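Chemist: One structure is given below, represented as structure tokens, and several questions about it will come after.
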């Protein structure tokens, strides 16, 4: 049996879940545009544990959303996760943020593109097939009318996340599907991913683990 606490703070959503063998036991979250993570995270952890009838000492591992996302949000989540792992002497599991976001979208065909708003016309993005297997690595890219043309030429592409509003403005392909444009990552989707990593002992080095900030952006051409 594995009791895992998952922490998601990469965006405006401060989210905490408790799962037993990958199945959700409790969820506490608040999507606040003012970023309430520093005020709410520890409170949500206590409340989730209470709702699930567990204590910190019952935990077998901590899972944390690794990024990309908000610099401050990621720092808060990772610092909290590492502190708990050190004090409880349990392993740390990292979950790619865009992968867990993709699991909020269930499709019968085509692909899923997760994206988070970055700046200007830039997004953090990664694509997955209908079974949530990764097709492309996480990257930062500028959105234009040719973005994702290779995927769009094959089949439907379902865009999900806060970065999709930028796509709606410029991508007019008939295979583009924009149904979940305001979705933010949640700890809820981390549960099964974290349990899978726990079973194969895919753990991070608590002392040296750092969030994946993805600071390298593609440089766009200057307008004449």
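Read the figures in this text as sums done on the coordinates, not as results from a lab. Please read all numbers here as calculations on a predicted model, not as lab measurements. Counting neighbours? That spans all protein chains shown, and the Cβs are built from the backbone with ideal geometry, glycine included.
Chemist: Within 10 Å of each residue's Cβ, count the other Cβ atoms and sort 135, 152 from fewest upward.
Modeler: Ordered by Cβ neighbours within 10 Å, fewest first: 135, 152.
Chemist: Now for a different question. Give the percent of DSSP beta bridges with both residues in segment 105-180 that are antiparallel, rounded to the nearest 5.
Modeler: Antiparallel bridges: around 60 percent, rounded to the nearest 5.
Chemist: Another one. So what's the back-of-envelope 222 nm ellipticity for the chain, counting only DSSP H runs of four-plus at -39500 (n - 2.57) apiece and dividing by all residues, rounded to 500?
Modeler: Taken over the chain, the calculation gives -8000 deg cm²/dmol.
Chemist: Where is the GNM fluctuation largest for the chain (alpha-carbon springs, 10 angstrom cutoff): 78, 16, 206?
Modeler: With Cα springs under 10 Å in the chain, the top fluctuation among 78, 16, 206 is at 206.
Chemist: Quick one: compute a quarter of the convex hull surface over the Cα atoms of segment 112-224 and quote it in nm².
Modeler: The orientation-averaged projected area of the Cα hull of segment 112-224 comes to 8.9 nm².
Chemist: Please rank 177, 120, fewest neighbouring Cβ atoms within 10 Å first, as an exposure proxy.
Modeler: 120, 177
Chemist: For segment 1-56, what is Rg from Cα atoms divided by 2.2 N^0.38 Å, rounded to two decimals?
Modeler: Compactness ratio reported: 1.10.
Chemist: Another one. Would you please report the Å³ per residue occupied by the convex hull of the alpha carbon atoms in the chain?
Modeler: Given the Cα convex hull of the chain, per-residue volume reads 122 Å³.
Chemist: With a 10 Å Cβ neighbour count serving as the proxy for reagent exposure, in which order, fewest first, do 212, 35 appear?
Modeler: Least to most surrounded, the residues fall as 35, 212.
Chemist: Continuing with this model, one more query. Express in whole angstrom the spacing between the alpha-carbon centres of segment 94-110 and segment 121-145.
Modeler: Distance between centres, Cα-based: 11 Å.
Chemist: Cα axis of helix 37-51 to longest principal axis of the chain: angle in degrees, 0 to 90, nearest 10?
Modeler: 60
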